[in-house]
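Q: One structure, pasted below without further comment.
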Amino acid sequence: MCGDGDMMEGVGAEAASLAGHLKLPNLCWIYDNNRVTLDGPADVSFTEDVGERFHGHGWNVTHVNDANDLNAFSDACSNFLDTKDRPTLIIVNSHIGYGSPHKQDTNAAHGEPLGEDEIRLVKKFYGWPEDAKFLVPEGVREHFQERIGKRGRKLRDDWKKLFDSYSQKFPELADQINKMQHRELPNGWDKNLPTFPPDAKGTATRDSSGKVLNVLAQNVPWLVGGSADLATSDRTRLQFEGAGDFQAGSYGGRNLHFGVREHGMAAALNGMAVSKVRGFGGTFFNFSDYMKPAVRLAALMEIPTIFIYTHDSIGLGEDGPTHQPIEQLPSLRAVPGLVLLRPADANEVVEAWKVIMQLKHEPAALVLTRQAVPTFDRTKYASAAGVPKGAYVLADAPDSKPQVILMSTGSEVQLCIAAYEQLKSEGIKARVVSMPSWAIFEKQSEEYKQQIFPADVKARVAVEQASTFGWSQYVGPQGKVIGMHTFGSSAPLKDVLKKFGFSPDKVVEAARAAIRETK
């Protein structure tokens, strides 16, 4: 169901274009063409021929000239059911209600309450008791029971018989459907996940994520998705045998090509999640701005949509400030119910995906690097198994009593580790906390939070290649934050990092200052 506003909004055009390209015959939009917006008549801002536009998108377009002509509307619905090679748009001409037949107040169509007098006039016109409130006329309940209740019961019974028969013939597929409907995972969903050995050069977290995703998708048949034009860059393409492409007339493929339609992609993923298919979609992190309404709705609806974002910082270098995200991390962290994870190395990526796959009522944003980051030696530093806590101690002082706490996310954790080693050589006791997910960390017990950030350690330094907004809650009033206060810059990676002060030496300098100022 849609109206004039939906026809004007960009996401509607994105969805219509994609659906037309894919020739989706099970899709029908019913357009209430009432020619009114909150500004008044729609033609003050909207005069295009909607039907012709949808013809151009490759849709089947039908018209119902009067919304009260139920026979014509029934014929249009039959036409939709008979159309097997494209989606259908039914344009229904209607008149929006203005209140009582005695007073057509335009404001009534724009959200203004009718008022007691108007309500009485409406009831009088229809022959209802004028003083009655919340009235359900005699016979209405019986009518619903006889028609909708009886029909619904029969449909439910028929469905159960059909599914019972299906379960006997195809027990494995029936079990998958049951697990999908209850948002459960199949047995062995996490088998064969990679473990990454220590590597000083390392790998980009987008690359390790792509490897993990391809394993998970083989274990979970209903994990499907794609990218907004950038699958080779954000590593969201499923490459195992049989994955295939989802295209017109070939709907068995598990790789979806959303094109340059970020908002449409995110909205479609939400629809898939509501249908209990586990959908993922990727793009550059800076383009999360285009997707924000759908990301917010995923959190509001409490559905486990998976949003994959790569090119997560100024670390992408020459692409410049138009592509370098600055404010996106705090912006998405502020969305209630959204689980954002920014892993520091390949093994944190594995653990982050484990967290994401087990979510049932929260969407996830997985934020990944374009550039290579070291894979930490987990025999020297703590296991990545701390990721499900949201934050964990990666490296600590020998007596677990640090003078300063260094905290970070993603690619900047390596700077904290390098600073930690330098401080250690100088006899300064430091702790490094990797914080892949603030949202998860905030759900932990106060006891655990105190273990990670002891209240008596006031000297604290946070490092992140993004807006510093939000870090004050962890570093405290005397702490230091090394972050971004401007947009980025176009230059080779090393030059960009040097310009904005992201180096182990700068972290060491900030740590010394924090210790000095908190004595």
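Q: Criterion first (within 25 Å of Ser208 (Cβ to Cβ), surrounded by 20 or more Cβ atoms within 10 Å (Cβ to Cβ) and modelled with pLDDT under 95) does Gly317 satisfy it? Steps first, answer last, please.
A: Working: within 25 Å of Ser208 (Cβ to Cβ): yes; surrounded by 20 or more Cβ atoms within 10 Å (Cβ to Cβ): yes; modelled with pLDDT under 95: yes.
It is true that Gly317 is within 25 Å of Ser208 (Cβ to Cβ), surrounded by 20 or more Cβ atoms within 10 Å (Cβ to Cβ) and modelled with pLDDT under 95.
Q: When the range 379-414 is examined, which residues are found to be more than 29 Å from the chain's Cα centre (by Cα) and in the same structural domain as Val507 (by TED's automatic domain parsing)?
A: Hits for the range 379-414 are Ala395, Asp396, Ala397, Pro398, Asp399, Ser400, Lys401, Pro402, Gln403, Val404, Ile405, Leu406.
Q: Only one of (1) of a type in the set (Lys, Arg); (2) in contact with a strand residue (DSSP E or B) (Cβ under 9 Å, 6 or more places away or on another chain); (3) assigned to a helix (DSSP H, G or I) fails for Arg183. Which number is that?
A: Single failed check for Arg183: (3).
Q: Taking only the range 453-468 into account, find how many residues are of a type in the set (D, E, K, R) and surrounded by 24 or more Cβ atoms within 10 Å (Cβ to Cβ). Even if it seems obvious, please write down each step before you answer.
A: Just the residues of the range 453-468 that are of a type in the set (D, E, K, R), to begin with: 456, 458, 460, 464.
Narrowing further to those that are surrounded by 24 or more Cβ atoms within 10 Å (Cβ to Cβ): 460, 464.
So the count comes out to 2.
Q: Further, regarding this structure: Within the range 339-360, is even one residue within 30 Å of Lys494 (Cα to Cα), at pLDDT below 95, out of contact with any Asp or Glu (no Cβ under 8 Å at 6 or more places or on another chain) and aliphatic (A, V, I, L, M)? Steps first, please.
A: Of the range 339-360, the ones within 30 Å of Lys494 (Cα to Cα) are 340-353.
Within this subset, residues satisfying the condition of being at pLDDT below 95 are none.
No, the range 339-360 contains no residue that is within 30 Å of Lys494 (Cα to Cα), at pLDDT below 95, out of contact with any Asp or Glu (no Cβ under 8 Å at 6 or more places or on another chain) and aliphatic (A, V, I, L, M).
Q: Still on this structure, please answer the following. Just a yes or no: is a residue in the range 273-294 surrounded by fewer than 17 Cβ atoms within 10 Å (Cβ to Cβ) and touching a Phe, Trp or Tyr at 6+ places or on another chain (Cβ under 9 Å)?
A: Step one: of the range 273-294, the residues surrounded by fewer than 17 Cβ atoms within 10 Å (Cβ to Cβ) are 274-277, 289, 292-293.
Now drop any that are not touching a Phe, Trp or Tyr at 6+ places or on another chain (Cβ under 9 Å), which leaves 276-277.
Yes, there is a match, as at least one residue in the range 273-294 is surrounded by fewer than 17 Cβ atoms within 10 Å (Cβ to Cβ) and touching a Phe, Trp or Tyr at 6+ places or on another chain (Cβ under 9 Å).
Q: Return the total of residues in the range 69-99 being in contact (Cβ under 8 Å) with a residue 12 or more places away in the chain and either among the hydrophobic types (A, V, I, L, M, F, W, C) or not in a helix (DSSP H, G or I) (or both).
A: 20
Q: While we're looking at this one, here's another question. Report yes if some residue within the range 368-388 is without any contact (Cβ under 8 Å) to a residue 24 or more places away in the chain, under 28 Å from Arg512 (Cα atoms) and in a helix (DSSP H, G or I); otherwise report no.
A: No, the conditions are met nowhere in the range 368-388.
Q: Further, regarding this structure: For Ala42, which of the numbered conditions (1) in contact with a strand residue (DSSP E or B) (Cβ under 9 Å, 6 or more places away or on another chain); (2) of a type in the set (A, V, I, L, M, F, W, C); (3) at pLDDT 95 or above fails to hold?
A: (3)
Q: Taking Val349 as the residue in question, decide whether it is out of contact with any His (no Cβ under 9 Å at 6 or more places or on another chain), in a loop (DSSP other than H, G, I, E, B) and in contact (Cβ under 8 Å) with a residue 12 or more places away in the chain. Can you show your working first?
A: Numbers: out of contact with any His (no Cβ under 9 Å at 6 or more places or on another chain): yes; in a loop (DSSP other than H, G, I, E, B): no; in contact (Cβ under 8 Å) with a residue 12 or more places away in the chain: yes.
Criteria not met by Val349.
Q: Next question, about the same structure. Pull up the range 469-507, narrow it to residues that are out of contact with any strand residue (DSSP E or B) (no Cβ under 9 Å at 6 or more places or on another chain) and closer than 15 Å to Val413 by Cβ, then point me to the one that is surrounded by the most Cβ atoms within 10 Å (Cβ to Cβ).
A: Looking at the filtered set, the residue picked out is Pro504.
Q: Now for a different question. At least 1 residues that are under 19 Å from Leu27 (Cβ atoms) and touching a residue at least 12 places away in the same chain (Cβ under 8 Å) in each: list the helices (runs of 4 or more DSSP H) lying fully within the range 196-297 that qualify.
A: The qualifying helices (runs of 4 or more DSSP H) are 262-274.
Q: Regarding Arg206, is this residue assigned by TED's automatic domain parsing to the domain that holds Ala243, closer than 30 Å to Thr310 by Cβ and at pLDDT 95 or above?
A: Values: assigned by TED's automatic domain parsing to the domain that holds Ala243: yes; closer than 30 Å to Thr310 by Cβ: yes; at pLDDT 95 or above: yes.
Spelling it out, Arg206 is indeed assigned by TED's automatic domain parsing to the domain that holds Ala243, closer than 30 Å to Thr310 by Cβ and at pLDDT 95 or above.
Q: So, in the range 352-367, how many residues would count as being buried (at least 19 other Cβ atoms within 10 Å of the Cβ), part of a loop (DSSP other than H, G, I, E, B) and among the hydrophobic types (A, V, I, L, M, F, W, C)?
A: Final tally of qualifying residues: 0.
Q: While we're on this one: Could you grab me the full set of residues in the range 172-226 that are among the acidic types (Asp, Glu) and surrounded by 15 or more Cβ atoms within 10 Å (Cβ to Cβ)?
A: First pass over the range 172-226, keeping only residues among the acidic types (Asp, Glu): 172, 175, 184, 190, 199, 207.
Of everything in the range 172-226, those that are among the acidic types (Asp, Glu) and surrounded by 15 or more Cβ atoms within 10 Å (Cβ to Cβ) turn out to be Asp190, Asp199, Asp207.
The values are calculated or read from the model by the stated rules, or taken from the named source; none is laboratory data. Just so you know, these numbers come straight off a predicted model, no measurement behind them. Please note: Cβ atoms are built from the backbone with ideal geometry, for glycine as well, and neighbour counts cover all protein chains shown.
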